[in-house]
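The values are calculated or read from the model by the stated rules, or taken from the named source; none is laboratory data. Just so it is clear, the structure is predicted and the values come from calculations on it, not from any experiment. Because the Cβ atoms are built from the backbone with ideal geometry, glycine has one as well, and the counts that use them run over all protein chains shown. Calculation scope for accessible area: heavy atoms of the full protein, side chains included, ligands and nucleic acids excluded. Shrake-Rupley method; radii C 1.70, N 1.55, O 1.52, S 1.80 Å.
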Amino acid sequence: MTHYLVGLIGEGIGASLTPPMHEREAAALGLDYEYRILDLLELGAEPSDVGRLIADAEAAGFAALNITHPCKQLVMEVVDELHPAAERLGAVNLVLLRDGRRIGCNTDWEGFRDGFVDGLPGAATGSVVQLGAGGAGAATAYALLDLGVDELRLFDYDVGRAAELADRLAVAFPDARIAAIPGVDAALRSADGVVHATPVGMAHHPGVAFDPAVLRLDAWVSDVVYRPLETELLRRAAATGHRVLDGGRMAVGQAVSSIRFITGLDPDAERMRAHFLEL
Ligand code: NAD
């Protein structure tokens, strides 16, 4: 039986839920599968060491590595090949190690797309506002456009970052209307839905990045933050009657898609979500 050795490279990832998610699903699929954490802090490594860490993993027989903050962009420079979506959206969160080659993939966007379809069935996708244009935001924006969003308005405190993402996505989706906007208040009032892709709402970063009370009553709200699963934003949005999508869907979805890339087998997404909710 093939022994799959898989890892996660990132900073401060000791408590990540990804290893148990992968290992439990792989066991259910009858695979011999081991998932290891390679934490930059524990290894005394810098983000720029990602190429060396991948070389060490290749030598140790790893089949693949998930990549997380702060290496998702840096790693693009040390792969041999980029999967088309990873190239178009500009971030890699999975490197497949195959026959001496490193193939950079992105499963975050598929995770968000699948979670969106399952968690907000029938959601209107005419005009969407997204807050946050970082690593997670690049993936969610790409997924939204792949799902057919007509108008995507991107807001980030770092105006240049939102503009850069808008320009990049305009190349991949020439028919969509994509704009970086200088403020969100007016855009929020008319949006069909909002994706929140900033760290606001995480346990160590409490609060909300916007007030969902300004939204149309039929607008949906999606959060990428998944610790806690019910963020202040989603709690408030649900209280005012909005449909909501938690960040756990994307977290599980990227793991589903990663296992599919690594093993070629189809994980059971519902079983994985049930596992995730127990963790
Ligand atoms: P990042 O630092 O790459 O990007 C965050 C962006 O948000 C930055 O560009 C920053 O300028 C902007 N920002 C911060 N506060 C803002 C505000 N109030 N208004 C507008 N813009 C603001 O971070 P990231 O890697 O994109 O992670 C963001 C969040 O997404 C984190 O909470 C992370 O845990 C979560 N995440 C979730 C998943 C998932 O699978 N659900 C995957 C990746 C990341």
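Tabulated data
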| read-out | value |
| --- | --- |
| Some residue of segment 139-146 being within 15 Å of the ligand (Cβ to nearest atom), part of a loop (DSSP other than H, G, I, E, B) and not assigned by TED's automatic domain parsing to the domain that holds ALA269 | no |
| Residue list for segment 212-234, restricted to those being open to solvent by 50 Å² or more (accessible area, probe 1.4 Å) and away from the ligand (no atom under 16 Å from the Cβ) | ALA213, ARG216, LEU217, ASP218 |
| Residue count for segment 115-154, restricted to those that are under 11 Å from the mean Cα position of the chain (by Cα) and either open to solvent by 10 Å² or more (accessible area, probe 1.4 Å) or touching a residue at least 40 places away in the same chain (Cβ under 8 Å) (or both) | 10 |
| Total residues in segment 57-85, condition surrounded by 15 or more Cβ atoms within 10 Å (Cβ to Cβ) and either without any contact (Cβ under 8 Å) to a residue 12 or more places away in the chain or not aliphatic (A, V, I, L, M) (or both) | 10 |
| Check on GLY44, under 23 Å from ALA269 (Cβ atoms) and not assigned by TED's automatic domain parsing to the domain that holds ARG161 | no |
| Some residue of segment 94-110 being surrounded by fewer than 24 Cβ atoms within 10 Å (Cβ to Cβ), on the phi > 0 side of the Ramachandran plot and out of contact with any Gly (no Cβ under 9 Å at 6 or more places or on another chain) | yes |
| Hits in segment 158-191 (condition: within 11 Å of the ligand (Cβ to nearest atom) and open to solvent by 100 Å² or more (accessible area, probe 1.4 Å)) | ARG161, GLU164 |
| Breaking point among (1) in contact with a Lys or Arg (Cβ under 8 Å, 6 or more places away or on another chain); (2) near the ligand (Cβ under 10 Å from one of its atoms), for HIS205 | (1) |
